[in-house]
1. Are any of the residues in the stretch 468-491 part of a loop (DSSP other than H, G, I, E, B) and modelled with pLDDT of 90 or more?
2. List the strands (runs of 3 or more DSSP E) that sit entirely inside the stretch 97-156 and contain at least 3 residues that are surrounded by 12 or more Cβ atoms within 10 Å (Cβ to Cβ).
3. Identify, please: which residue in the stretch 338-364 is part of a loop (DSSP other than H, G, I, E, B) and modelled with pLDDT of 85 or more and is, among those, nearest to residue 191 (Cα to Cα)?
4. Would a scan of the stretch 195-207 turn up a residue that is part of a strand (DSSP E or B), modelled with pLDDT under 90 and within 21 Å of the chain's Cα centre (by Cα)?
5. Can you find a residue that is without any contact (Cβ under 8 Å) to a residue 24 or more places away in the chain and either under 28 Å from the mean Cα position of the chain (by Cα) or over 28 Å from residue 175 (Cα atoms) (or both) anywhere in the stretch 287-303?
6. Is one or more of the residues making up the stretch 310-332 at pLDDT 90 or above, under 24 Å from the mean Cα position of the chain (by Cα), among the hydroxyl-bearing types (Ser, Thr, Tyr) and not in a loop (DSSP other than H, G, I, E, B)?
7. Could you check residue 58 against (1) acidic (Asp, Glu); (2) at pLDDT below 90; (3) surrounded by 18 or more Cβ atoms within 10 Å (Cβ to Cβ) and say which number it fails?
Amino acid sequence: MIKIIPINIYALTRISKIAAIQKMEKQMSKRTRSLNIKKWEIQSLKDFSQRLKDEKKDTVNMNFYYSFQIPKLGKEFDLLRISDDFVVNIELKSREVSEENIKKQLLQNRYYLASLGKTVRSYTYISSTDRLVRLTRSNKLIESEWSRLCEDLLRQETCYEDDIEKLFKEEKYLISPFTDPERFLSREYFLTFQQKDIKSHILKNVHSKGNLFQGFTGLPGTGKTLLLYDMALVLSERQKVCVLHFGSFPVEMEHINKRLKRVDFYRCENCGQLPSFDRYSVIFVDEGHQLSQEVLEKIKEYAVKKNIPVIFSYDLEEAVSKLENPEDIVKSIKALPLFKEYRLTNRIRMNSELSSFIHCMMNVTKYHKRGEYPSVSLGFANNVEEAANLLDYYIQKGYTYIYDESLPLVDTEAVKASVGICKEFEAVVMLMDSSFKYDKEGYLRSSDAVSTDRSVVRNLFHGLNRAKNKIAVVVLENESVFEILLSILQRTKDIA
């Protein structure tokens, strides 16, 4: 397992030649991740470590976490030192930058580091001018003496030196408006760099009256809803906007609608009933993959007539057979006049292991790559009673049972698929009955007729994708499908 551990930057910077540093990086990568030291940072590190040594020789023996990035967020810290009492964060600059930018970076760093529950001491060193500044508790940027920094460092008697990633869990920063409505309303969240980039392009188009229709897609768990709602918040500061939600309408969303007065949220059905758009300057569409052709046409006609921008968010369902979604509404969204599409690729909620298994389930010949799935559980039931017992077992273990009402074993205490696909859960268990099968192309299909709302295969795909850490599948009276799923878990035979 790769660990990100602290290093002695003074020892590192005593190596003057790039080739020697690269050799050291290669040696250290055997027990930690590659340092990836940028050439321009070498002199800054060297100057900084020398200034520390000149002030206090004892600092030579200190270790720092260098160039650490919070997983999935891309948020980077130049130097960190974490003790039982407080954290010291030092940012390195090779040349002079504006006071505003320095302060903004240190304030943002303090927010992320505050999750550790410790006081944060924040500094920035500009090597070109040999300048050291610090951020005060009252958020003022002032000149700092080197003796002050050394004093802080020397007071850190017992420092954390294990894998730093263990201290930073992405769920502390990445939220869902549905599961954390209060944190969303308080704007206690940060977007990933990819989300920020897409947001920048879309809002630029809106302000410049460029593409009338825009949208972004991605697999479940890539942060589409958060990004859509964040943009609605930004634009609502100066104009009236609305969000059309075509999924379920949980209590949390009703709460958001009541609290956030400047954005109007509507739960829309596919029967063609839409609110009047006369008051709105921008229309946001959430869960666009659940639109009907009739409703999409109405939105299109109004937007073109009034020249109102529309921004869509919709799931990427490439893993699911096209025959399980005969209406193919996403294709119609992409066919809108001058439609501009963006794609989120970074999974925030789910780890790669679960994502890989779910894709293999959907198409055993196209996606079958990974070999081990320790967070996936599989059970077989010969009858309904056995299936109920297995589901109860998983529920007792902390799994959330997301059920499809068209399948057996409807549990009123569990979560309906129509509701579950809009929330997040630590662990999810779902049922597959004898209606499931694999076609000649390796796609998972259902012998039952596709419902007007969503097929059971799509419900399974979206339901399992709501899990963060674990999934379980109970197969009822379907040995052929169970054997294929077991083969994915155990790699006992070549499925292709």
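The values are calculated or read from the model by the stated rules, or taken from the named source; none is laboratory data. Only a predicted model underlies this, so the values are computations on that prediction, with no experimental measurement involved. Ideal geometry is used to build each Cβ from the backbone, glycine not excepted, and the neighbour counts take in all protein chains shown.
1. So the first thing to find is which residues in the stretch 468-491 are part of a loop (DSSP other than H, G, I, E, B), and the list is 477-478, 491.
Remaining after also requiring modelled with pLDDT of 90 or more: 477-478.
Yes; the residues of the stretch 468-491 include at least one that is part of a loop (DSSP other than H, G, I, E, B) and modelled with pLDDT of 90 or more.
2. Once the strands (runs of 3 or more DSSP E) in the stretch 97-156 are filtered for at least 3 residues that are surrounded by 12 or more Cβ atoms within 10 Å (Cβ to Cβ), what remains is 119-126, 131-135.
3. Applying the filter and picking the extreme gives 344.
4. Filtering the stretch 195-207 for residues part of a strand (DSSP E or B) gives none.
No, that holds for no residue.
5. Residues of the stretch 287-303 without any contact (Cβ under 8 Å) to a residue 24 or more places away in the chain: 297, 301.
Of the ones still in play, those that are also either under 28 Å from the mean Cα position of the chain (by Cα) or over 28 Å from residue 175 (Cα atoms) (or both) are 297, 301.
Among the residues of the stretch 287-303, at least one is without any contact (Cβ under 8 Å) to a residue 24 or more places away in the chain and either under 28 Å from the mean Cα position of the chain (by Cα) or over 28 Å from residue 175 (Cα atoms) (or both), which makes the answer yes.
6. yes
7. So residue 58 meets the others, but not (3).
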